[in-house]
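Trainee: Take this structure, written in structure tokens, and hold onto it; I'll ask about it next.
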Amino acid sequence: MRNRIKETRVAKKMTQGKLASKSGLTRPYISKLENNEESVIKNTTMNSIANALGKSVSYIFFNDK
């Protein structure tokens, strides 16, 4: 599953470390998600990342507009 984590994070001028801090996740895990190295992502994780980026879960993870 391709996601928009990196493109959204970069557009907001946010580092992986800052996103990790805001979402309560680790920087290495953010990196794995951005590089599609994780195939299963929990709903709570998707919500944390989407909230930290100020976007909807569907926009970040399901490529909805």
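None of the figures in this text is laboratory data; all of them are computed from the coordinates on show. In this text, all values refer to a predicted model and were calculated from it rather than measured experimentally. Using ideal geometry, Cβ is built from the backbone for each residue, glycine included, and neighbour counts are taken over all protein chains shown.
Trainee: Given the condition loosely packed, with under 11 Cβ neighbours inside 10 Å, outside any loop (DSSP other than H, G, I, E, B) and either on the phi > 0 side of the Ramachandran plot or in contact with a helix residue (DSSP H, G or I) (Cβ under 9 Å, 6 or more places away or on another chain) (or both), answer yes or no: does some residue in segment 30-39 qualify?
Mentor: Restricting attention to segment 30-39, the residues satisfying the condition of being loosely packed, with under 11 Cβ neighbours inside 10 Å are 35, 37, 39.
If we keep only those that are outside any loop (DSSP other than H, G, I, E, B) as well, we get none.
The answer is no, given that none of the residues of segment 30-39 is loosely packed, with under 11 Cβ neighbours inside 10 Å, outside any loop (DSSP other than H, G, I, E, B) and either on the phi > 0 side of the Ramachandran plot or in contact with a helix residue (DSSP H, G or I) (Cβ under 9 Å, 6 or more places away or on another chain) (or both).
Trainee: From the list Gly24, Gly17, which one is small (Gly, Ala, Ser) and in contact (Cβ under 8 Å) with a residue 24 or more places away in the chain? Lay out the reasoning, then the answer.
Mentor: Numbers: Gly17 fails: in contact (Cβ under 8 Å) with a residue 24 or more places away in the chain.
Among Gly24, Gly17, only Gly24 is small (Gly, Ala, Ser) and in contact (Cβ under 8 Å) with a residue 24 or more places away in the chain.
Trainee: Additional query: Filter segment 23-56 down to the residues that are among the aliphatic types (A, V, I, L, M) and under 9 Å from the mean Cα position of the chain (by Cα), then identify the one that is nearest to Arg9 (Cα to Cα). If you could, list the steps in order and put the result at the bottom.
Mentor: Of all residues in segment 23-56, those among the aliphatic types (A, V, I, L, M) come to 25, 30, 33, 40-41, 46, 49-50, 52-53.
Those still in the list that are under 9 Å from the mean Cα position of the chain (by Cα) too: 30, 33, 46, 49-50, 52-53.
On the way: Ile30: 11, Leu33: 12, Met46: 14, Ile49: 10, Ala50: 10, Ala52: 9, Leu53: 7 Å.
Among those residues, the one meeting the criterion is Leu53.
Trainee: Now for a separate question. Quick one: is Arg9 among the basic types (Lys, Arg) and in contact (Cβ under 8 Å) with a residue 40 or more places away in the chain?
Mentor: Details: among the basic types (Lys, Arg): yes; in contact (Cβ under 8 Å) with a residue 40 or more places away in the chain: yes.
For Arg9, the condition - among the basic types (Lys, Arg) and in contact (Cβ under 8 Å) with a residue 40 or more places away in the chain - is met.
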